Structures are given as C-alpha cells and as structure tokens.
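Asker: Here it is, the structure in full.
No value in this document is a laboratory result; all are computed from the given coordinates. Treat the numbers as computed from the prediction; the structure is a model and nothing was measured. Positions of Cβ are backbone-derived with ideal geometry, glycine not excepted, and every protein chain shown enters the neighbour counts.
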Amino acid sequence: MPARIMNRLYVQQIDRRSAPNAGKRLPMLSEIDLQLLDALQVNPRASWTLIGRVLEIDPVTAARRWARLRENGLAWVSVAFGPHEAGQLCVVVVEVECERGASAAVAAAMARWNSALTVQYTAGRQDLWALLVTADFPTMSQLLLVGLPELEGVARSRSYFVTRLFEATGRWRLHVLGPGQVRRLREAYPERSSEGARPFGATDRAMFRELSTDGRRTHAEVGETLGVSARTVQRRLNALMSRREVAFRCDVARGLVGWPSSAVIWLNVPEDRLDEAGRVLGRRSEVRTCLAIADERNLMLSIGLRQISDLHGHIVQILHDVPYARILDRNIVLRQEKLYGRILDATGRAVEAVPIDPWADQV
C-alpha cells in the first residue's frame, strides 16, 4: 500500500502476559469486579476516590482491581467521538469479500489501520465488516479506491457512507449498581454545555490519540507527553466533554459478562421517518451501534446477543418498535478482530491498542 494511503501506525502492547491467555477460558468476575466495571461504564474517568466512596471500598483496592483487569485485557477504557465531532468526520461501513483462506490476513491488516474503528468477521455473503473513519472525504475516497483494493486477499468490497450517527459510544451497561450510585457517578461528569461544537485543534487531536491507548490516563500524564500543563489538558478535555465532542467508553471482554455474540442488522426505513427510527432503536439496551446509511439499506444496527437464538426475538421487538421498517439483511458476528482501537484475541481479550487517528495521512 502506498505510504500516503497506509495510515501511520501507533501500536501499544497492552500486556505481554495477555498473549499466553489467548484461547483460554475467561475467568469468573467477583461481585466487586462487576460493580467496578459498571461504575466505569457510567463514568469511565471517575476518580478512584469517588468510585471507592460509591462502591464502599478502599480507592486503592478499586485501582488495583482495575489494573488487574486491564493488564489481562479483560476490560479497558477508550476515548470515543461524540455525536458532534463524529458529524464533522467521514465515516464509512465496509463489507469485504476475501479470497479463500485470506480472511484472517485481511482482517489483521485492516485492524492495524488508524482509520479502522472496528473490524469483525461475519457469517453471510461477506467475510468481514468494518467501520472506517477519516478526517475528510478525499482521504476516505483514496482509502476505498486504492488502499483497500491493494490489500492482498481482498476479492471485492462494498462501501456505504454513514450520514448520521445515532448511537456509537453505547448505552450498554452491566446494570448492577443502584440508582443512587449511578446518580453520584453521573454528577461528577462535566455539565453539558450549550456552546456549539468547534473544530478539533492540533492539541485536541494529540490528546485524542494519547487517550486512545488508555482513556484513564491522568491529565498530568497526557500533558507530559504533549509538552503542555496538566491544567491545560484538564481545561481542554472538560470543554470537549461538555460539548459532547468526545466521550469515553469502558469495554469488557463480552464473553466475560454473558454477551459473547453479536449481530449486524440492516433495515430499510422511509426517509421521512429515518431520524425517528434511529432515535427509537438507539435507545434499546442491546444496541451497540445505530447508523443511518446512504443506501437502500438505510439504517444499520449492531446488537449484542447472549446467545445466537436470541436474534429472532430482538428482530420481532425491533419491528414492534418501528413497524414501518423492513429487515433486509442480518449477519451474525463470528469474531471481533478490532473494537474501537483495541485488537482482540479469540476470547475477546484486548491484546494491543491501535489508536484511532482519522487525521493521519490526509490527502
């Protein structure tokens, strides 16, 4: 792939000890671990002091338990684009058919792109499904017209531009905390600002890249890397969060918490009801992603499954919620190669971080 097309590669090994775990059965989580993960799903950057008070445990214990989960690739915190910033970027869904026996190599190559948010293997007509993001249309066009076709093993691909992002950072939670605990955690989140979104500056982009490797890095740690003060990082990050230009997400090895499977569902919705359908379906607890697409299949959902047989029930409920929609296709996800900047092993553990950087190598 030409240098201009291949994104700069930022790769961080999560923990060398995680490699021997690949393929092994996932461990059982304690009740405290589940509470800790739920707390971080509510507020991924909450201080250990606050988490300790909410969970009624020592903050040092909370931090130590999190370090163990993260070092073993069982859970991690990432920075994500909020709806405002996502609307300024170019986002595309790609379906890829591979030559026989080439799926693993193609998935591994795509997962190393800094423009790849998610790469997964699917059952059905296509072998791979990916979500790509670049800073602008020319860069995305070049990636789709030159970069992707030049990958060895790609037989053909189809791309669909995302016209609206209804749900990308996920409302899915473990739901083990009580309402009072959730309220205390949410109160610590920066207040929503009425100020309009602004373009990302150079410092904002650098912060995003740094937080892609670990969304819980402190202001001081990020500032030291970027050569700015911790106060500057705190001020700029709080502004981005309050304007909902960035958000944070706590992901878990899905099989660890009883959601080992997922599916992609493609719908056709009347154009004048597309926004309504996106908002309604985006609120469903099993929905991970909800996107409006420039295609006859103009609404796409990614949903979590406890077991494959649950898919039919979810589809029935979706059609109950939006009876004017038609289901045009559905695909079971066989395995996730990459999930929002993390390369995963066969059990869903994170083994490497390949930060999201849509601004790399702009055309």
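Asker: Can you tell me the dipole magnitude for the chain around its Cα centre, using point charges on the Cβ only (Lys, Arg +1; Asp, Glu -1), in Debye to the nearest 20?
Answerer: Charge dipole of the chain: 800 debye, to the nearest 20.
Asker: I've got another one for you. Could you tell me which residue out of 146, 96, 344 lies farthest along the dipole of the chain toward its positive end? Charges go on the beta carbon: Lys and Arg +1, Asp and Glu -1, centred on the Cα centre.
Answerer: 344
Asker: If you don't mind, another one. Using the Karplus equation 6.51 cos²θ - 1.76 cosθ + 1.60 (θ = phi - 60°), what ³J(HN,Hα) coupling, rounded to whole Hz, does each residue of the range 154-159 give in order, writing x for Gly and Pro?
Answerer: With the stated coefficients, the range 154-159 comes to 7, 8, 6, 8, 10, 10 Hz.
Asker: Would you please name the GluC sites (Glu not before Pro) within the range 44-105 that are DSSP coil residues with at most 11 other C-beta atoms within 10 Å of their C-beta?
Answerer: Sparse-neighbourhood loop GluC sites (Glu not before Pro): 56.
Asker: In vacuum, with every alpha carbon of the range 215-274 counted as one equal point scatterer, what does the Debye formula give for log10 I(q)/I(0) at q = 0.23, 0.24, 0.29 Å⁻¹? Two decimals, please.
Answerer: With no solvent term, the Cα-only Debye profile gives -0.92, -0.96, -1.14.
Asker: While we're here: Any idea what the relative contact order of the chain is, in percent, if you count C-alpha pairs under 8 Å spaced at least 6 apart? Please report the intermediate quantities before stating the final value.
Answerer: On the way: 716 pairs, mean separation 107.1, N = 363.
Taking the mean separation of contacting Cα pairs over the length of the chain, I get 29 percent.
Asker: Would you tally the net charge around residue 189, using a Cβ to Cβ cut-off of less than 12 Å, leaving residue 189 out, and scoring K and R as +1, D and E as -1? Spell out each step's value before the answer.
Answerer: Details: positive: 45, 183, 184, 186, 192, 244; negative: 187, 191.
Overall, the nearby charge balance is +4.
Asker: If you take the Cα atoms of the range 33-105, find Rg, then find the Kirkwood Rh from the mean of 1/r over all pairs, what is Rg/Rh?
Answerer: Details: Rg = 18.4 Å, Rh = 15.4 Å.
Rg/Rh: 1.20.
Asker: Show the residues, 5+ positions off or on another chain, whose built amide H is closer than 5 Å to the amide H of residue 155.
Answerer: Result for residue 155 returns 97, 98, 99.
Asker: Something else about it: State, as an integer percentage, the relative contact order of the range 65-193 based on alpha-carbon contacts under 8 Å between residues 6 or more apart. It would help to have the intermediate numbers written out before the result.
Answerer: Numbers: 140 pairs, mean separation 38.5, N = 129.
Result for the range 65-193 is 30 percent.
Asker: Something else now. Which of the GluC sites (Glu not before Pro) found in the range 150-245 are in a DSSP loop and have at most 11 neighbouring Cβ atoms, other than their own, within 10 Å?
Answerer: Working: sites: 150, 152, 167, 187, 191, 195, 210, 221, 224, 245; in loops: 150, 152, 191, 195, 245.
Hits after loop and neighbour filter: 152, 191, 195.
Asker: Another one. Enumerate by residue number the trypsin sites (Lys or Arg not before Pro) in the range 56-145 meeting two conditions: DSSP loop (anything except H, G, I, E, B), and at most 16 other Cβ atoms within 10 Å of the site's Cβ. Could you put the intermediate results ahead of the total?
Answerer: Details: sites: 64, 65, 68, 70, 100, 112, 125; in loops: 100, 112, 125.
Hits after loop and neighbour filter: 100, 125.
Asker: Considering only the other residues whose Cβ falls under 12 Å of the Cβ of residue 225, what net charge follows from Lys and Arg at +1 and Asp and Glu at -1? Intermediate values should be presented prior to the final figure.
Answerer: Details: positive: 209, 217; negative: 210, 214, 221, 224.
It works out to a net charge of -2.
Asker: Please give me the summed charge of the neighbours of residue 160: other residues whose Cβ is under 9 Å from its Cβ, Lys and Arg +1, Asp and Glu -1. Kindly include the intermediate steps, with their values, before the conclusion.
Answerer: On the way: positive: 158, 297; negative: 95, 295.
Counting the neighbours of residue 160, the net charge comes to 0.
Asker: Moving on. When 316, 77 are ordered from fewest to most other Cβ atoms inside 10 Å of their Cβ, what list results?
Answerer: Working: 316 10, 77 19.
With the sparsest Cβ surroundings first, the list reads 316, 77.
Asker: Please get the size of the charge dipole for the range 39-111, origin at its Cα centre, with Cβ charges of +1 on Lys and Arg and -1 on Asp and Glu, quoted in debye to the nearest 20. Please list the in-between numbers first.
Answerer: Values: 7 positive and 7 negative charges, 88 e Å.
So the magnitude is around 420 debye.
Asker: Return the Rg/Rh value of the chain, two decimal places, where both radii are evaluated on C-alpha atoms and Rh is the Kirkwood radius.
Answerer: Working: Rg = 19.8 Å, Rh = 21.0 Å.
For the chain, the value is 0.94.
Asker: Counting just the Cα atoms, what span does the range 206-330 cover along each of its three principal axes? Round to the nearest Å and put the largest first.
Answerer: So the extents along the principal axes, rounded to whole Å, are 53, 37, 20.
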